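A short worksheet on the structure shown next.
What follows is calculated from the coordinates using simple rules that are stated; it is not laboratory data. Every value quoted in this text rests on a predicted model; they were computed, and no experiment measured them. No Cβ is skipped: glycine too gets one built from the backbone with ideal geometry, and neighbour counts run over all protein chains shown.
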């Protein structure tokens, strides 16, 4: 396939677009891949569309390869199924809603769980029809509060979403693994740097959940990885390894002490070191048990107080907390609400009054580090007093644990316990997770099992951000001078530059362009007559096709230059060998 | 490629869906190609999606073949460009409008003229950049008052739309012809019966305009064709050939006559035959000139009266009239409005008071048959009186002509004048037309010409209803027992049936399925173990793959049956030759 720069619908820009915050966005606009139509809404120019189609092609091959069947749902969807699962309201301002001329309610689909579930319910009724995997590649819509970074967070975007349908949990496990393997092949073929991290599945009800992240400073996701083993997890998904239960028979009994004016951890630690100095080591924030009060806002509008106990050197991480509780939202408990619980003494709250059995009746969940046998200084529920030597499991028993404490660089790895965690940022490009029976329950997707009994189907959910992948791959691979596409997703295989106005150069370049195209190579041929070689090279570097072939001065000596866009490595190849040489590079 | 019926996500239905009015809709649902999601909104199942992709593939190849470049615009569009051209209001209830969380106005794109025009304006600035043709294949939205017939008139549908951009009218003519030729190739490859008819371009401002129609009784378009020559036109586009001007020197002078109680053509003709009987032939409705009053509703809300003069044996065809005047709407003039024009005497209105120079001041357009020198009986603008021997061009001069009279079977062909017209119904599948400078003017798309002067670009507009094509081709090719796809758009090349539970049959069929797939044939293999041959044959006929291969009883004699789905012709082929035989059919 041969496309001439003199014909290609493109205009490269020397200036960065004003609204572009991240490098991939800047370069995709400057190199003429995409064009903004509205905030978070983009048009695809021919170059961009070619990359998009290559990415779609890779995904399609691998999905077909695991026996997933392609379908296509509308983007304009009726309200009813989303009402049945509660998502019509849960999404809040996050979706586009509209009415038709008959005042019927519609939405632009943000995801299609409901539609897939109902379609399978509509067609299938027996365990013999399963397992089944369906997928689609299609436009999705979310009314983001802050669309940003070009294609990275748009309001109209393309997703591949698939769902697996199984009768048994073991079946789901297999379907999940098959999809996960396909995802690894897909991301490998993209040819860039990614990481698979454990993720939460929120209140989706599933168990296993993993994200495929592009490693990128501009990403919105923070993940951690171990310095020793291969553990990697989204911060929301990190599960602290609790210390083993410790014996506490030899520990002294708990005792309340006067600690006036110590409503903060900092003031308490100072007081402890002044009045209760220890020989072995000074008191530190980590010796104290901090109890934080929050209010849970349930989707149905009800509010519920919750107390969270965690070591005094940790903070509650709102995203981690909400990640556990989704779709419940969390806010801090304000003074007025605190005042409605007379048992709570601000600055001196302790486990004594917490828990469903405590005098406050407030549910009390603690960080896994507050394990049985651990010893703490904490509030005595009396103004100006704390309790010392309070032992978990002996002196108090919380209602459960919760992963709400912040995760920090240097924390022990929960997997190997030898390395420590370090954090990095990434772009979420894919997510595989075991959805379970949430949607099948809500929408009544049941089939007859071998015994003629109705059983609820269990589902897996697997998504890839297709348009986002264009930007994420660009972001990971670009350099100072432009885009720099991996081979399999590049818009063309070769960027051929005719450098110079010499008739012989133009003729030789034209001949080579045809030879390569005839050999099955996709060639972008810069044949522009009135453009200087310098401008042509700049455009080639900006556009980022992996191999740049230049027919120019060397031609007099029978040589043509072949340059690797990524490494910058150049090689003069005898003219008569160029076709085979380049074909070899493309096929490699 | 090999797909097994035991795996394919499909369930064929024996019953017609309740809401399906036309055969293609019934069969596409029953055979498991599509599924209704909401009124006029459909989900594509694997079989349907395969047909859709084949159609898209053919279109893409031919568009690329004429050098059109593919782009892709969003479906969710900002209001502003549509405001600039006036279409935001012109569309009325016909489009989906919505607001984002910041109260910004958006629409779901019904067509993308504005976006294409603005994109080219954004990137290009010189005549050297032109000619240019761009296209996209993409979801479109219209809030149809009456979505019907499945994919034939949906509210979310897929279109290929392309636009050409030229500096000169001659350039547009060439671009138009190139697109038209590509359309002929595309529709030929679809493999069904279609007709190209002249069409109106409404107020789009262009000149040449043609539609590609599928011949179908269920179609919403009426077209006429000549019994002698190759003339064919959408009824809206038929241009009556006016009679040559006739000398009128020998004609008697006009004279008013008392014609009491003759407010209708019928009563007038009866009166004429009673009181003014002619020797050569009786008076007929065609001898009278009927003047019809209507009101034009302009998009800006203003109303304008219009008088239309036409032979008394013709009616005003509202669609033809509106086709000339688009986007103006037309309604009959009611009594109250008529009363506001004292010069108009109901039932006796004549050219005497009509025309911009007449005492009514109402614009007066006549049918082309009311040509210079023709002689008429018409209203005398006095209660109970008509004028006889009133000669056009002698006694009155209208403000112009208009194509508003109905077109009838048996009318003279306007092209050859030898044949007569006969009407038929069709489904509009494609439209090519010369859009001209309407959008370029409205949105300021200008480029510098050779002399450095700014000139407005002229555009062509070319559309194909892609999802509609699935239904239209199905409609044209189906038969009593099911769908019956033309070779190039069929979901599979071969439907292979293992008929019988015999192990040898199953094994042979399975082997053949693999052999064919390895030879590059797309095989749908009915391998279902517990399904009777009868049900399998019924499913194969319903699904409509062009070649049905049956491995069954004949196998004992080394024979396999190959059946043509369309003709029903069967042939027993020696087992060892089946692969080559079938491959030959597929490649033919």
| remark: the stretch A:49-98, Kirkwood Rh and Cα Rg, ratio Rg/Rh at 1.15
| remark: On the formula 1/(1 + (r/R0)^6), with r taken between the Cβ atoms of residue B:16 and residue B:220 and R0 of 30 Å, the FRET efficiency rounded to 0.05 is 0.90
| At what distance in nm do the modelled label points of residue B:530 and residue A:170 sit from each other, each positioned 7 Å from its Cα along Cα→Cβ? | 2.0 nm
| field | Label point 7 Å beyond Cα along the C-beta direction, distances from residue B:208 to other copies (nm, shortest first) | value | 6.1
| request: State, to one decimal in nm and shortest first, how far the label point of residue A:450 sits from each corresponding label point in the other identical copies (label point: 7 angstrom along Cα-to-Cβ). | output: 8.3
| said: If I model a spin label at residue A:228 and residue B:185 as a point 7 Å from the Cα along the Cα→Cβ vector, what separation in nanometres do I get? | reply: 6.6 nm
| query | Taking the inverse of the average 1/r across all pairs of different Cα atoms in the stretch B:335-437, what Kirkwood radius in Å do you get? | reply | 16.7 Å
| For peptide B:64-71, how many partner chain Cβ atoms fall within 10 Å of a residue's Cβ, on average? | 4
| Average Cα contact separation per residue, the stretch B:450-588, under 8 Å, 6 or more apart, as relative contact order % | 24 percent
| field | Kirkwood-based shape ratio for chain A, expressed as Rg/Rh from alpha carbons | value | 1.08
| request: Could you work out, residue by residue across B:222-231, how many beta carbons of other chains sit within 10 Å of that residue's beta carbon, and then give the average as an integer? | output: 0
| Given the C-alpha centroids of the stretch B:13-88 and the stretch A:28-76, what is the distance between them in whole angstrom? | 18 Å
| request: Please work out which residue of chain B brings its Cβ closest to the axis of the rotation superposing B onto A, and round that distance to whole Å. | output: B:98, 2
| remark: D (µm²/s, integer) via Stokes-Einstein for the stretch B:131-229, Kirkwood Rh across alpha-carbon pairs, 4 °C, 1.567 mPa s: value 81 µm²/s
| request: With no solvent and one equal point scatterer per Cα, compute the Debye intensity ratio I(q)/I(0) for the stretch B:492-587 at 0.19, 0.23 Å⁻¹ and report its log10, rounded to two decimals. | output: -0.82, -1.26
| Distance in nm between label sites at residue B:383 and residue B:338, each 7 Å beyond Cα in the beta-carbon direction? | 1.4 nm
| Taking the mean number of other Cβ atoms within 10 Å as a proxy for protection, how do you rank B:219-227, B:268-276 from highest to lowest? | B:219-227, B:268-276
| request: Please work out the C-alpha center-to-center distance from the stretch A:549-577 to the stretch B:422-488 and express it in whole Å. | output: 45 Å
| query | What is the projected area of the convex hull of the Cα atoms of the stretch A:255-401, averaged over all directions, in nm²? | reply | 8.7 nm²
| message | Students often check this: by mean Cβ neighbours within 10 Å, which of A:539-552, B:527-540, A:167-180 ranks highest, and how do the rest follow? | response | A:539-552, A:167-180, B:527-540
| Roughly how compact is the stretch A:425-515, stated as its Cα Rg over 2.2 N^0.38 Å to two decimals? | 2.11
| query | Which FRET efficiency, nearest 0.05, do residue A:253 and residue A:346 yield, Cβ-Cβ r, R0 30 Å? | reply | 0.65
| said: Starting from the Kirkwood Rh over alpha-carbon pairs, what translational D in µm² s⁻¹ does the protein assembly as shown have by Stokes-Einstein at 37 °C and 0.692 mPa s? | reply: 92 µm²/s
| Whole-number percent relative contact order across the stretch A:255-401, with pairs defined as alpha carbons under 8 Å at least 6 apart | 26 percent
| request: Would you please put A:480-493, B:412-425, A:148-161 in order of how densely packed they are, using the mean number of other Cβ atoms within 10 angstrom per residue and starting with the highest? | output: A:148-161, A:480-493, B:412-425
| request: Would you please classify the overall shape of the stretch A:89-193 from the alpha carbon gyration tensor, given that a ≥ b ≥ c denote the square roots of the eigenvalues, rounded means a/c under 1.5, and beyond that prolate means a/b larger than b/c while oblate covers the rest? | output: oblate
| remark: Expressed as a whole-number percentage, the relative contact order of chain A with C-alpha contacts under 8 angstrom and at least six residues apart is 18 percent
| request: Set the Förster distance to 22 Å, then compute FRET efficiency between residue A:99 and residue B:102 from the Cβ-Cβ distance, nearest 0.05. | output: 0.70
| request: State, to one decimal in nm and shortest first, how far the label point of residue A:185 sits from each corresponding label point in the other identical copies (label point: 7 angstrom along Cα-to-Cβ). | output: 3.5
